[in-house]
């Protein structure tokens, strides 16, 4: 099986550390950036990822804008929204930006495995 | 105190934190990410949480002290604190943030002030309890023992 590469996009250092370690624990090579603009810039630099874990509320560029921008750039990888937002309306706007999956924080190993399962099923 | 007794004290103390609602199952997720390659993972993440929370509480105090309170900024800080407390399993801190966000939405300044006091109280309680937990673990390791694995079966 090809090694999966992931990008963690979150402005909160606790969440960055947790998500990085959760992925690492599953053998997934990953990089961490702190807002949507950095997520877009890392793609402009030529890097490619199989999975993006995208937080919604971030300064400079939030998850909704970052997802729309990445999709407009032609990025087709799995983008999973990960947020503490629980209202349907808030989630819907995020999903409609171009997400493939949405998980409510806190992220757990089980939630991450369910996201990864979807990557395996679509490749 | 012999190692077995220290280990039993640790288990009982940890159980009490779950029963009091200070911690929830997410803390066990955190512990499961600690291994030989990352032996201090829990302490590192919890330290980050302490630093992050202190900064946010200071920012909240300052923001609520302004003559014209910007509730959007207050809400953004509380949202951050809710997120990080939820990630480490600090349940009572998280729940107090939920109540705080309701006061922000209502633009209720007195409600926000009360909620800030409540969040500070819950945060300092969680901080003290977690620091005690880590001290107990360090005592066991210093005495040559290992940290017992917790399961939520109580």
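The values are calculated or read from the model by the stated rules, or taken from the named source; none is laboratory data. Keep in mind that this is a model prediction, so the values were computed, not measured. Ideal geometry is used to build each Cβ from the backbone, glycine not excepted, and the neighbour counts take in all protein chains shown.
Worth a mention:
- Scope segment B:44-63; condition more than 11 Å from residue B:88 (Cβ to Cβ) and buried (at least 16 other Cβ atoms within 10 Å of the Cβ); matching residues: B:56, B:57, B:59, B:60, B:63
- Single condition residue A:58 does not satisfy, out of (1) part of a loop (DSSP other than H, G, I, E, B); (2) in contact with a strand residue (DSSP E or B) (Cβ under 8 Å, 6 or more places away or on another chain); (3) more than 14 Å from chain B (Cβ to nearest Cβ): (3)
- Verdict on residue A:105 being touching a strand residue (DSSP E or B) at 6+ places or on another chain (Cβ under 8 Å) and without any contact (Cβ under 8 Å) to a residue 12 or more places away in the chain: no
- Within segment A:82-110, considering residues that are within 14 Å of another protein chain (Cβ to nearest Cβ) and within 13 Å of the chain's Cα centre (by Cα), the one surrounded by the fewest Cβ atoms within 10 Å (Cβ to Cβ): A:104
- Every residue from segment B:88-126 that is closer than 21 Å to residue A:18 by Cβ, within 14 Å of another protein chain (Cβ to nearest Cβ) and part of a helix (DSSP H, G or I): B:88, B:91, B:93, B:94, B:95, B:97, B:98, B:123, B:126
- Of everything listed in (1) away from chain B (no Cβ under 12 Å); (2) assigned to a loop (DSSP other than H, G, I, E, B); (3) surrounded by 13 or more Cβ atoms within 10 Å (Cβ to Cβ), the single unmet condition for residue A:74 is (3).
- Selection from segment B:57-87 of residues that are free of Cβ contacts under 8 Å to residues at least 12 places away in the same chain, more than 14 Å from every other protein chain (Cβ to nearest Cβ) and under 28 Å from residue A:19 (Cβ atoms): B:58
- Filtered by the rule that a residue be more than 7 Å from chain B (Cβ to nearest Cβ) and in a helix (DSSP H, G or I), segment A:17-37 gives A:19, A:20, A:23, A:24, A:36, A:37.
- When residue A:23 is tested against the conditions (1) within 23 Å of residue B:49 (Cβ to Cβ); (2) surrounded by fewer than 24 Cβ atoms within 10 Å (Cβ to Cβ); (3) in contact (Cβ under 8 Å) with a residue 12 or more places away in the chain, the lone failure is (2).
- From B:152, B:64, B:57, residue being under 20 Å from the mean Cα position of the chain (by Cα) and modelled with pLDDT of 95 or more: B:57
- When we screen A:54, A:58 for residues that are within 10 Å of the chain's Cα centre (by Cα) and at negative phi, the only hit is A:54.
- Residue A:14 part of a strand (DSSP E or B) and closer than 30 Å to residue B:36 by Cβ: no
- Any hit, segment B:3-10, residues being within 13 Å of chain A (Cβ to nearest Cβ) and either in contact with a helix residue (DSSP H, G or I) (Cβ under 7 Å, 6 or more places away or on another chain) or modelled with pLDDT of 95 or more (or both): no
- The requirement of being in contact with a helix residue (DSSP H, G or I) (Cβ under 7 Å, 6 or more places away or on another chain), touching a residue at least 40 places away in the same chain (Cβ under 8 Å) and more than 14 Å from chain B (Cβ to nearest Cβ) is satisfied by residue A:6.
- Restricting segment B:12-39 to residues that are outside any helix (DSSP H, G or I) and within 12 Å of another protein chain (Cβ to nearest Cβ), the residue that is nearest to the chain's Cα centre (by Cα): B:24
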